[in-house]
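Taking it in order: structure first as structure tokens, then the write-up.
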Amino acid sequence: MSPSIRSKKAVLTAGLVALPLAFSLAGCGGGSSAAESASAGTNAPLHGMLPAAIQSSGTLNIASNVEYPPFETFDTDGKTVIGIDREIADALEKKLGITIKFNNISFDAIIPGLASKRYDMAMSAMSDTLERQKEVDFVDYFKAGAGILRTVENPKKIATLADTCGMKVGIVKGTTETEDADAQTKVCASEGKPAVDVTIFPGQNQTILALTTGRVDVVLLDSTSGSSVAKDSGGKLEMLSPYMSGPFGIVFPKGSTELQKAVQKGMQEITADNTYGEILKKYGQEKGAVTEFPINGGTK
């Protein structure tokens, strides 16, 4: 992980002239100074592919909802971001010659943040869908499935999506599982059954808490993160097999073609040197590996 760059205080002795503005001191914020970034960039193979503004700033500001293990979560210090996405970002930094800074925001705020150009890109295990492609672009980098997380006791005996008619279902705000629940409600209605009783939560932590405290019967979420949550639950939760699958993508504002191509090439290179595979292996997610990184490869 990239080290934070702390503020530096220049010591001026008598007779020294003031430094020009271009060499003014860097402030706190976790990114490299312009001079350091420029130096790193000269040694990075893909630095020249980046947009000029990013080459100059030396920093990629990315949006992420940092409560989605194993992709991103905070370490025990409550500050350091760890996980698959952070380690992929670390590898991309070396190829691109810039610092990738994670900004923790709510999942449903990611696409608006990209559309407003507040962030350069996003890494947050986001599904690449046709609906989302209307607002943002994706470089796909992982395959995963949506599934059902339930308690081991499972008092309502829920085993499939079809069993959720009339059941209390928790979903993280802004995720595609909302659409899955809506589609299932239509199926329930056609069969004369009650609708899926959906509760939307602002983040995954609140959603899992609702499940463990009995506020909801099951949770719909992607199987990769659900499996990680179940593994860390002390035997209290279990993740069922996915009911559908699709690609996750690194997300970009519309029109950011240069940046997309640079990141796509970076993913190809960290795959060729086996860094990508080793990262997924470390987190037990080899099954989600892909060999190509298409732009807007989602078809559903």
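The values are calculated or read from the model by the stated rules, or taken from the named source; none is laboratory data. Everything quoted here is computed from the prediction, not taken from an experiment. Glycine also receives a Cβ, built like all others from the backbone with ideal geometry; neighbour counts cover every protein chain displayed. Calculation scope for accessible area: heavy atoms of the full protein, side chains included, ligands and nucleic acids excluded. Shrake-Rupley method; radii C 1.70, N 1.55, O 1.52, S 1.80 Å.
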- Task: For the chain, build the charge dipole from Cβ charges (+1 Lys, Arg; -1 Asp, Glu) around the Cα centre, then report which of Leu161, Gly58, Gly298 sits farthest towards its positive end.
- Result: Gly58
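Roughly what % of DSSP beta bridges within the chain run antiparallel, to the nearest 5? The partial results should precede the final answer.
On the way: 25 of 40 bridges.
Of the beta bridges lying entirely in the chain, close to 60 percent run antiparallel.
Assuming R0 = 45 Å, can you tell me the calculated FRET efficiency for the pair Lys261 and Lys157, based on Cβ-Cβ distance, to the nearest 0.05?
Numbers: r = 49 Å, r/R0 = 1.10.
FRET efficiency, Lys261 to Lys157: 0.35.
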- Item | Inter-probe distance in nm under a simple model that places probes 7 Å from Cα toward Cβ, at Asn274 and Leu209 | 4.3 nm
- Anchor Lys157: aspartates and glutamates whose Cα lies under 18 Å away (excluding residues fewer than 8 positions away in-chain): Asp197, Asp217, Glu238
- Item | Sites Lys281 and Glu179 - FRET efficiency at Förster radius 25 Å, r taken between beta-carbons, to 0.05 | 0.20
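What pairs in Lys79/Lys254; Lys94/Lys287; Lys236/Lys287; Lys156/Lys282; Lys94/Lys254 have C-alpha atoms more than 28 Å from each other? Spell out each step's value before the answer.
Numbers: Lys79/Lys254 30 Å; Lys94/Lys287 25 Å; Lys236/Lys287 24 Å; Lys156/Lys282 35 Å; Lys94/Lys254 25 Å.
Over 28 Å Cα-Cα: Lys79/Lys254; Lys156/Lys282.
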- Query: What ³J(HN,Hα) values, in whole Hz, does the Karplus curve 6.51 cos²θ - 1.76 cosθ + 1.60 give for the range 145-154 when θ = phi - 60°, with x put for Gly and Pro?
  - Reply: x, 7, x, 10, 9, 9, 6, 4, 5, 6
- Message: Counting only helical runs of four or more DSSP H residues, what would the 222 nm mean residue ellipticity of the chain come to if each run contributes -39,500 (n - 2.57) and the total is spread over all its residues?
- Response: -9000 deg cm²/dmol
- Message: Which of Ile62, Ile54, Ile208 ends up with the largest GNM mean-square fluctuation for the chain, with Cα atoms connected below 10 Å?
- Response: Ile54
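When ligands, DNA and RNA are left out and all protein chains stay put, how many square angstrom of accessible area per residue does the chain have with a 1.4 Å probe? Kindly include the intermediate steps, with their values, before the conclusion.
Numbers: 14640 Å² over 300 residues.
Accessible area per residue, the chain: 49 Å².
Round to a whole number: what % of the accessible area of the chain belongs to carbon and sulfur, probe 1.4 Å? Working shown, then result.
Working: 7970 of 14640 Å².
With neighbouring chains kept in place, the figure for the chain is 54 percent.
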- Task: Mind checking the full-extension length gain between Ser106 and Met244? Use 0.36 nm per residue of separation minus the Cα-Cα distance, one decimal, nm.
- Result: 47.2 nm
- Between Glu131 and Lys143, with labels modelled 7 Å along Cα→Cβ, what's the label distance in nm to one decimal, could you check? 2.3 nm
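Taking R0 as 30 Å, what's the FRET efficiency between Thr299 and Lys117 from their Cβ-Cβ distance, rounded to 0.05? Provide the component values of the computation, followed by the final result.
Working: r = 27 Å, r/R0 = 0.91.
Working from the Cβ atoms, E equals 0.65.
In percent, how large is the relative contact order of the chain, given Cα pairs closer than 8 Å and 6 or more residues apart?
Working: 577 pairs, mean separation 68.5, N = 300.
Relative contact order comes out at 23 percent.
Ranked by accessible surface with a 1.4 Å probe, highest first, in what order do Met167, Met244 come?
Working: Met167 40, Met244 70 Å².
Ranked from most to least accessible, the order is Met244, Met167.
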